[in-house]
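None of the figures in this text is laboratory data; all of them are computed from the coordinates on show. Bear in mind the structure is a predicted one, so any value in this text is a computation, not a measurement. Here the Cβ positions follow ideal geometry from the backbone for every residue, glycine too, while neighbour counts run over all protein chains shown.
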Amino acid sequence: MIDIRELRADPDRARTSQQARGEDPGLVDVVLSADERHRAALAQFEQARAEQKAFGKSVARAQGEEKQALLAQVKDLAGRVKQLDAEAGSAVEERDAALRRIGNVIVDGVPVGGEDDYVVLEEVGVPRDFEAEGFAPRDHLELGELLGAIDTVRGAKVSGARFYYLLGAGARLELALMALAQQITQEEGFVPVVVPTLVRPETMAGAGFLDAHADEVYRLEADDLYLTGTSEVALAGLHADEIVDLAAGPLRYAATSTCYRREAGSYGKDTRGIFRVHQFTKTEMFVYCRPEDAQAEHANLLRIERRVLEALELPYRVIDVAAGDLGGPAARKFDCEAWIPTQGRYRELTSTSNCTTYQARRLGTRERAEGGGTRTVATLNGTALTSTRPIIALLENHQQEDGSVRLPEALRPFLGGEDVLFPVGPPPARTV
RNA sequence: GGAGGCGUCGCCUAGUCCGGUCUAUGGCGCCCGCCUGCUAAGCGGGUUUGGGGUUUAGAGCCCCAUCGAGGGUUCAAAUCCCUCCGCCUCCGCCA
């Protein structure tokens, strides 16, 4: 949620940001008017309450008839206090409800518009020319089946559509990718973390995942818990309601966890293979820093993501995501998209968001301010690596005519030094 | 799953039975000052968090809320009642 003080001081900035997102700038005025009402009601309540407290002291001192007289006097004051409290309460609720619907104020320079209005910042590497090489590339599912690495049929049998098994080289690839991601993030000074993947509603809401995309999230009704779609949720919750010490620099964490997504509303999209699935593994980076350091930390996260993709020797591009496609908490987002040969286009592999103080404010994560008091910190997140999409990109980009797949050098130490994955026979027949 | 105990402003702690000068006690730690060759000790003061008002702004001052969280009872709640959360102990069950 954005800062009510900043909104009061400069409502136009929030209106402009809303406009760039293609969202309602009128919400700003809904907030401001509820805020006015809240403050007026609060002043009245506080005054009445002070009176009531003063009365309370006289009552305590008085005896006998005098006491009875005072009690009679103060009785309707108590009623008024209650009513004024309720008025102030409903106004502040109204204010915050509207405030929560306002997206983060975008960083200067974010492209205006929706999904297709991104700006390409850079293209790195050159997609292979399979025509020149004299063969048609196989897609990731075909390669995965040849290698005995991916089984979507049995995934569907056991769990339904968009579930899969990774076997043999597939399973080894996932583990190697996560190991590489952990190695690089640890080199970069991130503290490795194992996180809970079931969280309470407050944590889910605090991280900002119950607003626009509530139907993307799995909920366990019986226990009132949510399965997280990214370890960002648990990492954001880690320091909820805490005053953190950033004197020694930002807090940087990297967690590898299973991620669960309902993929509601994506029926028919990316149905082949393991591009869009309900469950995958991800190593996520998360940073707590001072607001003035957030843009530099964002640049750092992007640099690390690029380092990872370069280690995988994938051709990719970086885009500056447009305002309308940011989601509520992000003030700016960069996506790294790898080239997928059989789709003939770049697809998102990793992504990094600068949430400035938006997420931390709702979670109550603050630091000591210089002149005394506290102030809200900034949070940022970024994907180091996921399992499924990088596997797709690796298989397709590094495939050879015979169906074997060359492994990038950086991954080999995590695969027993092997440099090529070779096709195997069909997966063993099921035995009863 | 069953039974019981506990949760106080960084840490420890008084207060809760029996509601009212609780404006939450004391100690430790920390901060500022005094004293002092230096340090320590000693002395004095300060030290939860959020919000509102006053102010050009800040400082300061005034007020409200905050005793795990949320409701309730009452003129009045740290204190009584209910729900939830967390921690601990015992029993059962499973590793």
Binning every alpha carbon pair distance of region A:162-242 at 5 Å from zero, what are the percents per bin?
3, 13, 18, 17, 17, 17, 13, 3, 0
Summing -39500 (n - 2.57) over every DSSP H run of at least 4 residues in chain A and dividing by its residue count gives a helix-only mean residue ellipticity at 222 nm, to the nearest 500 deg cm²/dmol, of -13000 deg cm²/dmol
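Given axes a ≥ b ≥ c from the Cα gyration tensor, I'd like to know whether region A:154-305 is rounded (a/c under 1.5), prolate (a/b larger than b/c) or oblate.
oblate
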So for chain A, if I pair up every lysine 8 or more residues apart or on another chain, how many of those pairs have alpha-carbons under 21 Å apart?
9
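Taking other Cβ within 10 Å of each residue's Cβ, how do A:His298, A:His38, A:His213 sort, fewest first?
On the way: A:His298 26, A:His38 21, A:His213 16.
The most exposed by this proxy come first: A:His213, A:His38, A:His298.
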Out of A:Ala264, A:Tyr358, A:His239, whose Cα points farthest toward the positive end of the dipole of region A:230-368 (charges: +1 Lys, Arg; -1 Asp, Glu; placed on Cβ)?
A:Ala264
Those helices of chain A passing the 18 Å axial Cα length cut-off and the mean Kyte-Doolittle cut-off of -1.0 (DSSP H runs only) are A:26-61, A:64-101, A:169-187, A:294-311
For region A:334-432, what relative contact order do you get, as a whole percent, if you take Cα pairs closer than 8 Å and at least 6 residues apart?
20 percent
Of A:Pro25, A:Ala50, A:Ala9, which is farthest along the charge dipole of region A:9-61 in the positive direction, counting Lys and Arg as +1 and Asp and Glu as -1 at C-beta?
A:Ala50
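I want the local charge near A:Gly134. Using Cβ-Cβ distances under 13 Å, sum +1 for each Lys or Arg and -1 for each Asp or Glu among the other residues.
Working: positive: A:Arg128; negative: A:Asp129, A:Glu131, A:Glu133, A:Glu401, A:Asp402.
So the surrounding residues net to -4.
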Given the options A:Glu188, A:Glu216, A:Glu133, which has the most mean-square fluctuation in a GNM of chain A, springs set between C-alpha atoms less than 10 angstrom apart?
A:Glu133
Whole percent per 10 Å bin, from 0 to the bin with the longest distance: what is P(r) over all C-alpha pairs of region A:71-140?
13, 16, 16, 14, 12, 10, 8, 5, 4, 1
Rounding to the nearest 20 debye, state how big the charge dipole of region A:1-66 is about its Cα centre with +1 on each Lys and Arg Cβ and -1 on each Asp and Glu Cβ.
220 debye
Charge dipole (debye, nearest 20) of chain A; +1 at Cβ of Lys and Arg, -1 at Cβ of Asp and Glu:
1360 debye
Find the all-direction average of the projected area of the Cα convex hull for region A:115-421, expressing the result in square nanometres with one decimal place.
16.3 nm²
√(5λ) per eigenvalue of the Cα gyration tensor, region A:4-101, largest first, Å:
43, 11, 7
Would you work out the relative contact order for region A:70-168, in percent, from Cα pairs under 8 angstrom that are 6 or more residues apart?
11 percent
Given R₀ = 51 Å, FRET efficiency for A:Arg128-A:Asp223 by Cβ-Cβ distance, to 0.05?
0.55
Fewest-first ordering of A:Asp419, A:Asp3 by Cβ atoms within 10 Å yields A:Asp419, A:Asp3
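Taking only C-alpha pairs under 8 Å that are 6+ residues apart, what is the relative contact order of chain A in percent?
20 percent
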Farthest toward the dipole's positive end in region A:344-432, which of A:Thr376, A:Leu415, A:Tyr346, given Cβ charges of +1 (Lys, Arg) and -1 (Asp, Glu) about the Cα centre?
A:Thr376
